[in-house]
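These notes are about the structure you will find just below.
The values are calculated or read from the model by the stated rules, or taken from the named source; none is laboratory data. Nothing here was measured: the structure is a model prediction, and the numbers come from that model. Cβ sites come from the backbone with ideal geometry, for glycine too, and all protein chains shown count toward neighbours.
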Amino acid sequence: MAKGTRDKKKSKVTLSGLLNFIDGLWSACGEERIILFTTNHVDKLDPALIRRGRMDKHIELSYCGFEAFKVLAKNYLNLESHNLFEKIRTLLEETRMTPADVAENLMPKSPGLENAGEVGLENLILALEKAKEVERLKAEEALKEDGDNGELDEEESDEEDDEEDGSEGEGTSDEDEDDDSSDEDFLKI
């Protein structure tokens, strides 16, 4: 097979193939092994793949809460309390940020800073405020898209009705009256 042809050919893994591979790993290893699988959509996985015996431990890594933040602040900044903690608590309740992102913002950018704790907490607050704003804008955009795809407002609906009737505005013309009378005559016959 030519090199170019092989590169263009897509590789497909079937569920059956994946299950056989996983089961083969278990049977080929005489000792216990730890195999990690990750997904952002566990609800989309086939139950055969995530059943007990095949994947015994399921660990959800969620967004950072305040208690996890306190552990990170202790580990990275050696802080157990600070006057900025309450503001961070509020922002963490309003915003979704992973523990990895929190830790990245807490890490001192320059080693040996005397006020590394203060700087790290301020960096985190800025990042949380930015994330909150991004989430707000996304929510507004989603609402706007839903509104664009949803029902027409009353004025647009009236205009469409007028176009379908062939009339414009609220008044009627003499022609419309003639049409009405001919309809009445037709119905009488």
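List of remarks:
- Flag for L92 being surrounded by 13 or more Cβ atoms within 10 Å (Cβ to Cβ) and touching a helix residue (DSSP H, G or I) at 6+ places or on another chain (Cβ under 9 Å): yes
- Selection status of A2, of a type in the set (A, V, I, L, M), at pLDDT below 85, out of contact with any Phe, Trp or Tyr (no Cβ under 9 Å at 6 or more places or on another chain) and not assigned by TED's automatic domain parsing to the domain that holds L91: yes
- Unique match (being more than 17 Å from E67 (Cα to Cα) and surrounded by fewer than 14 Cβ atoms within 10 Å (Cβ to Cβ)) among V119, V134: V134
- M107 among the aliphatic types (A, V, I, L, M) and under 20 Å from E133 (Cβ atoms): no
- Within the stretch 72-109, the residues that satisfy the criterion of being among the aliphatic types (A, V, I, L, M), over 21 Å from R136 (Cβ atoms) and in a loop (DSSP other than H, G, I, E, B) are L79, L84, M107.
- Residue check, K87 without any contact (Cβ under 8 Å) to a residue 60 or more places away in the chain and within 26 Å of the chain's Cα centre (by Cα): yes
- Residue check for Y63: closer than 24 Å to L128 by Cα, assigned to a loop (DSSP other than H, G, I, E, B), in contact (Cβ under 8 Å) with a residue 12 or more places away in the chain and of a type in the set (S, T, Y): yes
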